[in-house]
Amino acid sequence: MRITDRIHQLTLPFSLKVAENKTVKRSVNIFILLGKRITLIDAGPAGSEEKIFSYLEEIGRSPDEIKFILLTHSHPDHMGAAAAIKKNVACKVGIHLAEQRWLEDIDYQFSQRPVPNFYDLVNESVTADILLKDGEILDIDELLRIKVIHAPGHSPGSSCFLLQQDNALFTGDAIPIKHIPPIYDSWHESLSSLERLENLPYAKYLLSAWHDYRQEDEVQDFISDGIEWLYAVYTALEKFKQTNNLSTHHLATYVLKELNISVENYHPLYERTVQRMIKDLFS
Ligand SMILES: [Zn+2]
């Protein structure tokens, strides 16, 4: 899908195992930046390379033009296809240095963050060629100038990218979406990253991995809604935290009810978020 002459979005489907006998359909947005060469923002889950290559051919470009894959972070639905793309075309992979190890050693990532069907989403580690730093400017070519904004919280090395020519901000999974069970490593870091994004100069487009893109006035609303949602989760958890002898699972379920989210949407990674919040904020 074309968003601007320079920005195209691909929505890539995948299945996520949320319980022993339950799988749900999800999708992730990745972005194709068309300059003199091509830069991908994220690579999608394993197997996405064919969809990316066919899309490029449909719009009259060649997969061989891909020169960079910039990863917003190392979670499997974002980097799963990176190794396959890199094998097919000569490109460089960039990620924030805080997530180099998770990218380069998927078994280590799985040991730290056990997504139930992790190996369906990624089956190969990939080497980082460029370690991104906050504030760094990547002059890809005269049509693509990209600023790196470190936005930890969802994961330690989550990064947003600002494409200066289109004033477009790519946020990956950094901004939590209202009414969806929150998934982040650190509530505090998420909050300070969102406050930082909120105070950036006005961006014309906001392109999230989780949601349709936003533009003009909707951009600030999307970030403010994310901040409001963080506080709502905090308040809900605070209400139940002193209830004696609750397992994390029960506590997490109560928090969902308090937030008016159906327990049908319960997710093992969400339980991990609640566990982290208890440890970081309430113990
Ligand atoms: Zn993620």
Legend entry - Among 159-169, 61-71, 99-109, the order from most to least packed when residues are scored by Cβ within 10 Å on average: 159-169, 61-71, 99-109
Legend entry - Cα long-axis angle, helix 48-58 against the chain (0 to 90 degrees, to the nearest 10): 40
Legend entry - nm² value of the averaged projected area, convex hull over the Cα atoms of the chain: 14.1
Legend entry - Using alpha-carbon coordinates, inclination of helix 187-198 to the longest axis of the chain, degrees: 50
Legend entry - Net charge of Cβ neighbours under 12 Å - reference Ala90; Lys, Arg +1; Asp, Glu -1: +2
Legend entry - Whole-Hz couplings from phi, Karplus 6.51/-1.76/1.60, listed for the stretch 120-126; x for Gly and Pro: 7, 8, 8, 10, 8, 6, 9
Inset, instruction - For the stretch 76-229, count the residues as N, evaluate 2.2 N^0.38 Å, and divide the Cα radius of gyration by that value, please. - result: 1.05
Legend entry - Distribution of pairwise C-alpha distances over the stretch 21-75, 10 Å bins, in %: 22, 52, 19, 6, 1
Legend entry - Candidates per chymotrypsin sites (Phe, Trp or Tyr not before Pro) in the stretch 173-204, loop by DSSP, up to 16 other Cβ within 10 Å: Tyr202
Legend entry - Percentage relative contact order, the chain, counting C-alpha pairs under 8 Å, at least six apart: 13
Inset, instruction - Of the options Gly157, Leu206, Ile69, report the single residue whose Cα projects farthest towards the positive end of the charge dipole of the stretch 7-228 (beta-carbon charges: Lys, Arg +1; Asp, Glu -1). - result: Ile69
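Where a number appears in this text, it was derived from the coordinates with a stated rule and is not lab data. Owing to the predicted nature of the structure, the values given are computational and were not obtained by experimental measurement. A quick note on method: Cβ atoms are made from the backbone with ideal geometry, for glycine too, and the neighbour counts reach across all protein chains shown.
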